[in-house]
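Structure record follows, encoded as structure tokens.
The values are calculated or read from the model by the stated rules, or taken from the named source; none is laboratory data. Nothing here was measured: the structure is a model prediction, and the numbers come from that model. All Cβ positions, even for glycine, are placed from backbone atoms using ideal geometry, and neighbour counts span all protein chains on display.
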Amino acid sequence: MNLSGIFGPVVSTFDAKSGELDLEAFEANVRAHVAAGLRGLVVAGSTGEAALLDDDERAAMVERARATVPGDRLLIVGAGAESTRATVRRCRDAGAAGADAVLVVSPHYYTAAMTADALLGHFRRVADESPVPVILYNIPKYVGFTISPSVVTELSTHGNIVGIKDSSGDRDLMTVYVNTQGRNFAVLTGSGSLLHTALHVGARGAILAVALFAPELSLAVFDAVAAGDETAASAAQARLTPMASTIVGTLGVGGVKAALDVVGLRGGAVRPPLRPLGKADRARVRSLLAEESLAASV
């Protein structure tokens, strides 16, 4: 599987009054992200408020996305769950719905029990039974621990584990992960602030929330690195970093959704217990986007 490129972890759109999924808004966003040139999309990831979705909602979005994402782009579905059994079921459901791959976060409720042996057993069984390729997902700020490089090295040899998304924001860890890359295992960064660095040390692509509302800049970094133009890559990264750091890193899902609203896409409300941005933070989002002429109206 070719995981080279910039992927977008799409938001889950909710009706402002009922709080139910708004699939028309979701589809409109998917069409816009595809038109912007992203290599593929991730449904039910962290930016998609995956932990707050029920299985019917996941299925509805995957079905709508599969009908909208063309065959030359990849559809990746978040399938992590707390039990190995539930994770396998989600992988099978995603495969049956037409997903090209699944993104699997570590189980983390019983954090102290998630030893190297436990994680190896979990991910191996998931990969053995998943009908589609598996991408590991390292996101310490949500799960409370890092998937150790030794575990990643062992898992990288499994025929159905094709990569890892690293959202640690740790440059050194990213470099160690890159050393595990092979022909059939790719490292993707989840940090927009480290995109240039990650690509420079050998990561093959990225899954970036910032690419949902600043796709041209995200792609500019990737294309410049691919062309060997470090000056252009550095310049594009310098413009991308403030948005990635503040809107995504500091303000989170609410910041991403506010940014989508500002650029003319469909962000809307977050799902409780997440809280909407206050007036001051919305102004910060608009100001950052206006500086890059990304706001639909300023």
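Going through region 78-96 one residue at a time, which ones are of a type outside the set (Val, Ile, Thr) and surrounded by 18 or more Cβ atoms within 10 Å (Cβ to Cβ)? Gly78, Ala79, Gly80, Ala81, Arg90, Cys91, Asp93, Ala94, Gly95, listed by residue number. Read through the list (1) touching a Gly at 6+ places or on another chain (Cβ under 9 Å); (2) small (Gly, Ala, Ser); (3) closer than 23 Å to Val221 by Cβ, then give the number of the only condition that Ala44 fails. Exception for Ala44: condition (3). Ala258 meets all of the listed conditions (1) buried (at least 19 other Cβ atoms within 10 Å of the Cβ); (2) under 16 Å from Ile6 (Cα atoms); (3) of a type in the set (Gly, Ala, Ser) but one, namely (2).
Picking from residues in region 59-77 that are in contact (Cβ under 8 Å) with a residue 40 or more places away in the chain, touching a helix residue (DSSP H, G or I) at 6+ places or on another chain (Cβ under 8 Å) and buried (at least 21 other Cβ atoms within 10 Å of the Cβ), the one that is farthest from Val34 (Cα to Cα) is Met61.
Applying a threshold of 7 Å to beta carbon distances and a minimum spacing of six or more residues, or different chains, the list of pairs starting in region 133-155 at a residue that is on the phi > 0 side of the Ramachandran plot and modelled with pLDDT of 95 or more and ending at one that is surrounded by 14 or more Cβ atoms within 10 Å (Cβ to Cβ) and not hydrophobic (A, V, I, L, M, F, W, C) reads Gly144/His108. If the condition is being under 25 Å from Ala227 (Cβ atoms) and among the acidic types (Asp, Glu), then region 150-208 contributes only Asp166. Are there any pairs with C-beta distances below 6 angstrom linking a residue in region 250-273 that is more than 22 Å from Glu24 (Cβ to Cβ) to a residue that is of a type in the set (Asp, Glu) and modelled with pLDDT of 95 or more, with the two at least 6 apart or on different chains, and if so which? The qualifying pairs are Leu251/Asp281. All of Leu75, Leu120 fail the test of being in a strand (DSSP E or B) and touching a Leu at 6+ places or on another chain (Cβ under 8 Å), apart from Leu75.
Filtering region 204-254 to residues that are under 20 Å from Val270 (Cβ atoms), surrounded by 16 or more Cβ atoms within 10 Å (Cβ to Cβ) and of a type in the set (Ser, Thr, Tyr) leaves Ser245, Thr246.
When you look at Leu120, is it without any contact (Cβ under 8 Å) to a residue 40 or more places away in the chain and more than 20 Å from the chain's Cα centre (by Cα), yes or no? So Leu120 fits the description; yes.
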